[in-house]
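See below for the structure under consideration.
The values are calculated or read from the model by the stated rules, or taken from the named source; none is laboratory data. Predicted, not measured: the structure shown is a model, and the values here were computed from it. Every residue, glycine among them, receives a Cβ derived from its backbone with ideal geometry; neighbour counts consider all protein chains shown. Accessible surface is based on the protein model in full, side chains and every heavy atom, while ligands, DNA and RNA are left aside. Shrake-Rupley method; radii C 1.70, N 1.55, O 1.52, S 1.80 Å.
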Amino acid sequence: MSQSDSFIEEVSDEVRRDKLFATFRRYGWIAAILVVLIVGGAAWYEYRRAQDTATAEAYGDALLTALEQGEPAERATALDAIAVDSADAGALRDLMRAGELAEADDTDAAADVLNGVANEAGVPVIYRSIAKFRALALQAGTMPPEERRAGYEELSSVGNPLRLMAMEQIAMTYVEEGNSEEALSRLKAIQDEAGVTPDLLRRVSQLIVALGGDPDPAAETDAATSEG
């Protein structure tokens, strides 16, 4: 390499370094802000996580304290006094409160609480389904079979977590009305469903026999195999 080429290369390197330093001076503040944001974001995430953990622990402690009260009515009152910061937490509290009210023989109040959860759009489907199912069960002595059946029909839709249990209760409403033929039809439909538990299959088979029908042998075999 000639002296002129070496000189040109050195000059080029200096120019590149000058441009690089100029770029850093001009835009370096962006990198600094990004670093601050990343560090600040990580700190905020840890803070929020600690806050959420503390809130969840306080909520759990409050539930346990409420459930330590002596009488069901007292436990229901204590649960009602617990503040919640989310629809999920409120639904769980109210499901527990309804259980205590029912134990205190305040069926109407329990059903009202459960229906409130069932009709709350912001609550997860599983909570709403449990609330509706329990409310219908509590009102078995006061609500006509056809009205309860309409509620169970909603719960028996495909994809609902309580579909099979709701189908069983639909059959029972027909039994109440003395409509054995339709009850048998509904019970046999349960035997054809996927995901039927051995306990449910056994109950269904017993009901079919009690109503004078013939249970599906394959279903009984499946139940026996699952138990074994």
Cβ-Cβ distance below 9 Å, separation of 6 or more or different chains: which pairs start in the stretch 86-98 with a residue that is under 11 Å from residue 116 (Cβ atoms) and end on one that is surrounded by fewer than 18 Cβ atoms within 10 Å (Cβ to Cβ) and hydroxyl-bearing (Ser, Thr, Tyr)? 97/77
Please state which one of 196, 209, 175 is over 19 Å from residue 130 (Cβ atoms) and open to solvent by less than 50 Å² (accessible area, probe 1.4 Å). 196
Has the stretch 149-171 got any residue that is open to solvent by 50 Å² or more (accessible area, probe 1.4 Å) and touching a Ser or Thr at 6+ places or on another chain (Cβ under 8 Å)? yes
Taking the stretch 124-138 and keeping only residues that are touching a helix residue (DSSP H, G or I) at 6+ places or on another chain (Cβ under 7 Å) and either buried (at least 22 other Cβ atoms within 10 Å of the Cβ) or in a helix (DSSP H, G or I) (or both), one is left with 127, 128, 129, 130, 131, 132, 133, 134, 135, 136, 138
Of all residues being in a loop (DSSP other than H, G, I, E, B) and either aliphatic (A, V, I, L, M) or under 17 Å from the mean Cα position of the chain (by Cα) (or both) in the stretch 89-123, which is nearest to residue 151 (Cα to Cα)? Just the residue, please. 119
Could you tell me which residue of the stretch 57-88 is farthest from residue 135 (Cα to Cα), considering only residues that are part of a helix (DSSP H, G or I) and among the β-branched types (Val, Ile, Thr)? 65
In the stretch 64-112, what residues are open to solvent by less than 40 Å² (accessible area, probe 1.4 Å) and in contact with a Phe, Trp or Tyr (Cβ under 8 Å, 6 or more places away or on another chain)? 82, 89, 91, 95
Restricted to the stretch 139-148, and to residues that are open to solvent by 20 Å² or more (accessible area, probe 1.4 Å) and part of a helix (DSSP H, G or I), which residue is farthest from residue 99 (Cα to Cα)? 146
Looking at this structure, is residue 171 closer than 25 Å to residue 211 by Cβ, over 15 Å from the mean Cα position of the chain (by Cα) and either of a type in the set (Ser, Thr, Tyr) or not in a loop (DSSP other than H, G, I, E, B) (or both)? yes
